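What follows is a short report on a single structure.
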Amino acid sequence: MSDVIALHFDVDGEDFTRAGEASYGVKRTLKQLGINPEAVRKVAIALFEGEINMVIHADGGVIDIEIDNNQIKMILKDKGPGIPDIEKAMQEGFSTASDDVRSLGFGAGMGLPNMKKYTDSMEIQTELGVGTTVTMVVNL
Amino acid sequence: MTVKDIISILDADLISGEDLDREIHTACGSDMMSDVLAFVKDQSVLLTGLVNPQVVRTADMMDMVCIVFVRGKEPGEDIIELAQERNIVLIKTGYRMFTACGLLYENGLRGGCQKK
Ligand SMILES: Nc1ncnc2c1ncn2[C@@H]1O[C@H](COP(=O)(O)OP(=O)(O)OP(=O)(O)O)[C@@H](O)[C@H]1O
Ligand SMILES: [Mg+2]
């Protein structure tokens, strides 16, 4: 693999039941590329959490994936409300999810901590009323 | 323990899936999907009272082998299709979460996690 492989997904903010399709697509592609299973699983989990966040907190967005010999980079960009206090949002158990979202099995406040745990680097850029971009890297 | 053993221990019904001889090493019981995603172990079974497509997607991201719906919860066609596509066995038991987990534990299955 000498070139960079790039994947792009639009994430629909309206349809919760389909949230996770992009992560599924990425996981399948990584498997086909023969990427080691441990790295595939890390990417799959971190991306899935990020994708769900886009749907439940930000009305959807776009995901770009770049794969090269050394790393898998995930860029999740939304035009949602932004995150007022990143430090607080990163704490295990902190969630602003509604009861509706909770009844669907999300809102434990574990998503962002999981994303950090499973990736080698994670960076959040956010502006209130403008949106949030989460960039994560898993090294190969 | 295999999927077949789990079916017999939990007096469960098979909903979909064929590969019942797959080995299960660990189990995780939760209705919060991010709690499940915090736990990574090989060849696990997920016990849950939650019934929606995200349960299957979560299990798939974790490479889980089998999902047990507790309290007799019945997944819809959409969930069954998703699980078949992802090669995950679905079963249901009438036991509640606590009892279902207890029965599996008693029969030697462990959570595979350290206390935090
Ligand atoms: N893309 C986003 N846009 C706006 N707010 C966000 C975004 N992602 C996360 N947040 C905020 O950060 C909080 C913590 O996120 P985190 O993913 O850790 O937990 P959660 O999504 O609430 O629950 P869980 O991930 O356990 O289902 C969210 O409740 C929300 O307030
Ligand atoms: Mg989340």
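Looking for something farther than 25 Å from A:ASP15 by Cα and of a type in the set (Phe, Trp, Tyr) - is there at least one such residue anywhere in the stretch A:100-119?
yes
Based on this model, can you work out whether A:VAL101 counts as within 22 Å of B:PHE39 (Cα to Cα) and among the β-branched types (Val, Ile, Thr)?
Numbers: within 22 Å of B:PHE39 (Cα to Cα): yes; among the β-branched types (Val, Ile, Thr): yes.
Answer is yes for this residue.
Looking at A:ASP100, is it closer than 28 Å to B:ASP31 by Cα and modelled with pLDDT under 95? I'd like the intermediate steps shown before the answer.
Working: closer than 28 Å to B:ASP31 by Cα: yes; modelled with pLDDT under 95: yes.
Considered against the rule, which asks whether it is closer than 28 Å to B:ASP31 by Cα and modelled with pLDDT under 95, A:ASP100 comes out as yes.
At least 1 residues that are within 12 Å of ligand 1 (Cβ to nearest atom), facing chain B (nearest Cβ under 9 Å) and open to solvent by less than 70 Å² (accessible area, probe 1.4 Å) in each: list the helices (runs of 4 or more DSSP H) lying fully within the stretch A:1-119 that qualify.
Answer list for the stretch A:1-119: A:37-58, A:111-118.
Can you tell me how many residues in the stretch B:92-116 are surrounded by fewer than 23 Cβ atoms within 10 Å (Cβ to Cβ), over 16 Å from B:GLN43 (Cα atoms) and of a type in the set (A, V, I, L, M, F, W, C)?
4
From the list B:LYS41, B:LYS73, which one is under 25 Å from A:LEU112 (Cα atoms) and open to solvent by 40 Å² or more (accessible area, probe 1.4 Å)?
B:LYS41
If only one of A:VAL130, A:VAL138 is open to solvent by 20 Å² or more (accessible area, probe 1.4 Å) and of a type in the set (Val, Ile, Thr), which one is it?
Values: A:VAL138 fails: open to solvent by 20 Å² or more (accessible area, probe 1.4 Å).
After ruling out the rest, the residue left standing is A:VAL130.
Residues to consider are B:ASN87, B:ASN52; find the one that is buried (at least 17 other Cβ atoms within 10 Å of the Cβ) and polar (S, T, N, Q). Even if it seems obvious, please write down each step before you answer.
Numbers: B:ASN87 fails: buried (at least 17 other Cβ atoms within 10 Å of the Cβ).
The unique qualifying residue is B:ASN52.
The values are calculated or read from the model by the stated rules, or taken from the named source; none is laboratory data. Computed from a prediction, not measured in an experiment: that's the story for all the values here. We place every Cβ from the backbone using ideal geometry, glycine too, and count neighbours over all the protein chains shown. All accessible areas refer to the heavy atoms of the entire protein, side chains included, with ligands and DNA or RNA removed. Shrake-Rupley method; radii C 1.70, N 1.55, O 1.52, S 1.80 Å.
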